[in-house]
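Undergrad: Below is a structure I'd like to ask you about.
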Ligand code: SAJ
């Protein structure tokens, strides 16, 4: 028997008009792909005309992308759909009432880094706006990363209160999490499988008709809304866990005086039917907007959904332990720096530390939640001086960042490699010594970018993550 919602949707007919709320890294490529599909007639991009981001409206209506960095195909696609009149950016949210579908792609950052609580205010403002203009038979899709239980909980509640309608009866409601990666925004939407989680089967089905036309290699993976929320947060939680396992093993290898990378190659050699050892890479820490928060979304989800969790009382979960290990790595880099300086009779206090790399990812300008920041804080607290170089990052609040490496290195007692930028793979002992102006210099490699022997043989004091075979090397007298 057709549900009330099915009848309303059938009355509306096929999806023709779409609204995307949030003109950012998630919303813009999605809106462009929807607008380019012959399956749909028109797409509105909704953007608040705020002092900080209102400028995007005019740019997007000129067919220009306001996003930084290279995004293959996006500029041309935006120009094409804007010129064709199939995509329009607007701050007039009342146009929502003319549409068949509205998707919300609004960031959910931390309120602050200490209590790890998400700031859903912007997302809920968007949901409230949708509720205000919602019409019967419409589909609402949440694409932002959210705590499990949000779609069927607070989001549903706001939509029903604002619209006076009932989800699953008068309108469809779905969570279809984004899987964007900077530098491949369009490709990820087209080629990655798309999780589509409705509050009921009718909602899930309607969302399948929304996403299928823009998938090339990707396929639709239907499930419930809560399963979709857990999938998204858990896929990043598992990546964070894998990195933590590599970090823990690297610490063990350092303590046992062996080379982690030999062990990694050994483990990775175990291949065969049904055998997998996804061993990732240890490093100076885990930053970014995804892995640093999605574990805590998952942890809160278990609490929000309130089921009886059978787990040792008061014990941190494996996932929180993994977060703690990854957040420990900047402190380990501080310890390696302290030990390295100690080998030449110096301490952090009174030393100058040159920090190479501020971005959280190699060859990127993205410094969100960079692990270099807690390291810098530890050095300053211990009375050291820190200079920061990063060829990709132009600025960061309260942290002077210089693009000239010789300026940053001048007078440095220790050089710390925090980000694996390609530029750092070519640094030479002679170049570093010339810039620092000291005979014996400490170098700490947080991303396995340099050859330890090259620097040890040139008289440097070397320390490296996972390099237990080199971290206690004999110090060679620096050759003039
Ligand atoms: N990192 C390690 N060791 C590794 C891999 C990464 O220490 O083996 C560190 C990086 O240096 C960085 C942090 O972890 O500081 C995060 O790196 P990431 O490669 O996971 O990059 P993100 O944070 O941009 O993750 C995104 C996620 N994508 C989405 O949420 C849609 C994640 O799911 C992807 O797996 C990841 O991109 C990716 O693979 O590029």
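The values are calculated or read from the model by the stated rules, or taken from the named source; none is laboratory data. Just so it is clear, the structure is predicted and the values come from calculations on it, not from any experiment. Using ideal geometry, Cβ is built from the backbone for each residue, glycine included, and neighbour counts are taken over all protein chains shown.
Undergrad: Hey, among 33, 8, 60, which residue is under 27 Å from residue 132 (Cα atoms), at pLDDT 95 or above and in contact with a strand residue (DSSP E or B) (Cβ under 7 Å, 6 or more places away or on another chain)?
TA: Step by step, each of 33, 8, 60 is checked, and only 60 is under 27 Å from residue 132 (Cα atoms), at pLDDT 95 or above and in contact with a strand residue (DSSP E or B) (Cβ under 7 Å, 6 or more places away or on another chain).
Undergrad: Looking at (1) away from the ligand (no atom under 11 Å from the Cβ); (2) within 18 Å of the chain's Cα centre (by Cα); (3) in a loop (DSSP other than H, G, I, E, B), which is the one condition that is false for residue 320?
TA: (3)
Undergrad: Restricting to region 362-414, and then to whatever is part of a strand (DSSP E or B) and more than 27 Å from the chain's Cα centre (by Cα), can you tell me which residue is farthest from the ligand (Cβ to nearest atom)?
TA: 385
Undergrad: In addition: Select from region 35-63 the residues that are surrounded by 14 or more Cβ atoms within 10 Å (Cβ to Cβ) and without any contact (Cβ under 8 Å) to a residue 40 or more places away in the chain and list them in ascending order.
TA: If the condition is that a residue be surrounded by 14 or more Cβ atoms within 10 Å (Cβ to Cβ) and without any contact (Cβ under 8 Å) to a residue 40 or more places away in the chain, then 53, 56, 57, 59, 60, 61, 63 are the ones that fit.
Undergrad: Considering only residues of region 173-202 that are more than 22 Å from residue 41 (Cβ to Cβ) and assigned to a helix (DSSP H, G or I), which is nearest to the ligand (Cβ to nearest atom)?
TA: In this case the residue turns out to be 188.
Undergrad: Suppose we filter region 338-370 for residues that are surrounded by 23 or more Cβ atoms within 10 Å (Cβ to Cβ) and within 20 Å of residue 327 (Cα to Cα); how many remain?
TA: Residues meeting the conditions: 8.
Undergrad: Is it fair to say residue 313 is surrounded by fewer than 15 Cβ atoms within 10 Å (Cβ to Cβ) and either over 27 Å from the mean Cα position of the chain (by Cα) or within 13 Å of the ligand (Cβ to nearest atom) (or both)?
TA: Yes; evaluated as a whole, the condition is true for this residue.
Undergrad: Report the residue count in region 218-241 for those that are away from the ligand (no atom under 16 Å from the Cβ) and not in a helix (DSSP H, G or I).
TA: 5
Undergrad: Now for a different question. Return the residue satisfying two criteria in turn: it lies in region 203-217 and is in a helix (DSSP H, G or I) and out of contact with any strand residue (DSSP E or B) (no Cβ under 8 Å at 6 or more places or on another chain), and of such residues it is nearest to the ligand (Cβ to nearest atom).
TA: 214
Undergrad: For residues that are outside any loop (DSSP other than H, G, I, E, B) and away from the ligand (no atom under 13 Å from the Cβ), scanning just region 266-279, find the one that is nearest to residue 25 (Cα to Cα).
TA: 267
Undergrad: Hey, can you tell me all the residues within region 161-191 that are crowded, with 19+ Cβ neighbours inside 10 Å and within 13 Å of residue 74 (Cα to Cα)?
TA: Of everything in region 161-191, those that are crowded, with 19+ Cβ neighbours inside 10 Å and within 13 Å of residue 74 (Cα to Cα) turn out to be 185, 186, 189.
Undergrad: Name the one entry in 312, 282 that is part of a loop (DSSP other than H, G, I, E, B), under 20 Å from residue 357 (Cα atoms) and either free of Cβ contacts under 8 Å to residues at least 40 places away in the same chain or not assigned by TED's automatic domain parsing to the domain that holds residue 178 (or both).
TA: Within the list 312, 282, the selection yields 282.
Undergrad: Still on this structure, I have one more. Answer yes if at least one residue in region 150-172 is within 12 Å of the ligand (Cβ to nearest atom) and either assigned by TED's automatic domain parsing to the domain that holds residue 96 or on the phi > 0 side of the Ramachandran plot (or both), and no otherwise.
TA: Within region 150-172, none of the residues are within 12 Å of the ligand (Cβ to nearest atom) and either assigned by TED's automatic domain parsing to the domain that holds residue 96 or on the phi > 0 side of the Ramachandran plot (or both).
Undergrad: Could you check region 345-361 and list, in sequence order, the residues that are assigned to a loop (DSSP other than H, G, I, E, B) and more than 15 Å from the ligand (Cβ to nearest atom)?
TA: Passing the criteria: 345, 346, 347, 348, 349, 350, 351.
Undergrad: Residue check: is residue 331 touching a helix residue (DSSP H, G or I) at 6+ places or on another chain (Cβ under 7 Å), more than 10 Å from the ligand (Cβ to nearest atom) and part of a loop (DSSP other than H, G, I, E, B)?
TA: Judged against the criteria, residue 331 is not a match.
Undergrad: Identify all residues within region 210-219 that are closer than 20 Å to residue 9 by Cα and surrounded by 17 or more Cβ atoms within 10 Å (Cβ to Cβ); write none if there are none.
TA: Listed by number, the residues that qualify are 210, 211.
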